[in-house]
Amino acid sequence: MSAYLGRRYRLSASHRLHSPALSEARNREVYGKCANPHGHGHNYTVEVLVGGEIDAATGMVCDLAELDSCVAREVLEPFDHQNLNTLDAFQNRVPTTENLCVEIGKRLRQALRSDLSLKVRVEETGKNFFETS
């Protein structure tokens, strides 16, 4: 039998939405106030959903402490209280929340057991969220 385990985490980070491929005027048009040269911050909610077979011996899909440790190492430590624009992960792409969600998913996929399914959801504001699987 398979099941899913979902867990929420919080991180705070800043970013400036700006593409070097666009003019300053086009950046302002595309990103609006998010193109502010001084950047802005968010208190993100990151939801991680893993799924797989329930282990007969433990009764669990995934050890919660192991998941927490993985997320701390792969997501919270590198991104919490950071300016995303300054990180290697975003040197060649705009640090939109879509790209943050994809980066988180990539890091977790590489770190988690390969037999687990993975879905990541990042809530940027009460109105905006992004998902990847």
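The values are calculated or read from the model by the stated rules, or taken from the named source; none is laboratory data. Remember, it's a predicted structure, so these values are computed and weren't measured experimentally. Note that each Cβ is placed from the backbone with ideal geometry, even for glycine, and that neighbours are counted across all protein chains shown.
Would you mind stating whether P20 is in contact (Cβ under 8 Å) with a residue 12 or more places away in the chain and either hydroxyl-bearing (S, T, Y) or not in a strand (DSSP E or B) (or both)? It is false that P20 is in contact (Cβ under 8 Å) with a residue 12 or more places away in the chain and either hydroxyl-bearing (S, T, Y) or not in a strand (DSSP E or B) (or both). The lone criterion from (1) surrounded by 18 or more Cβ atoms within 10 Å (Cβ to Cβ); (2) in contact (Cβ under 8 Å) with a residue 60 or more places away in the chain; (3) part of a loop (DSSP other than H, G, I, E, B) left unmet by D115 is number (1).
From the list L112, L76, pick out the single residue that is touching a helix residue (DSSP H, G or I) at 6+ places or on another chain (Cβ under 9 Å) and not charged (D, E, K, R).
On inspection, the qualifying residue turns out to be L112.
Pairing residues of region 73-98 that are without any contact (Cβ under 8 Å) to a residue 40 or more places away in the chain with residues that are among the small types (G, A, S) and part of a helix (DSSP H, G or I), at Cβ distances under 8 Å and at least 6 apart in sequence or on separate chains, gives R73/A111; E74/A111; P78/A89.
Please go through region 6-47 and pick out each residue that is surrounded by 11 or more Cβ atoms within 10 Å (Cβ to Cβ) and of a type in the set (S, T, N, Q). Result: S12, S14, S19, N27, N36, N43, T45. Of the candidates A89, A65, A72, the single residue that is under 23 Å from L5 (Cβ atoms), modelled with pLDDT of 95 or more, out of contact with any Gly (no Cβ under 7 Å at 6 or more places or on another chain) and surrounded by 12 or more Cβ atoms within 10 Å (Cβ to Cβ) is A72. Put simply, of V30, V50 the only residue that is under 18 Å from the mean Cα position of the chain (by Cα) and either modelled with pLDDT of 95 or more or in a loop (DSSP other than H, G, I, E, B) (or both) is V50.
Within region 78-133, how many residues turn out to be small (G, A, S) and touching a His at 6+ places or on another chain (Cβ under 9 Å)?
Our first condition is that a residue be small (G, A, S); within region 78-133, this holds for 89, 105, 111, 114, 117, 126, 133.
Keeping just the survivors that are touching a His at 6+ places or on another chain (Cβ under 9 Å) gives none.
So the count comes out to 0.
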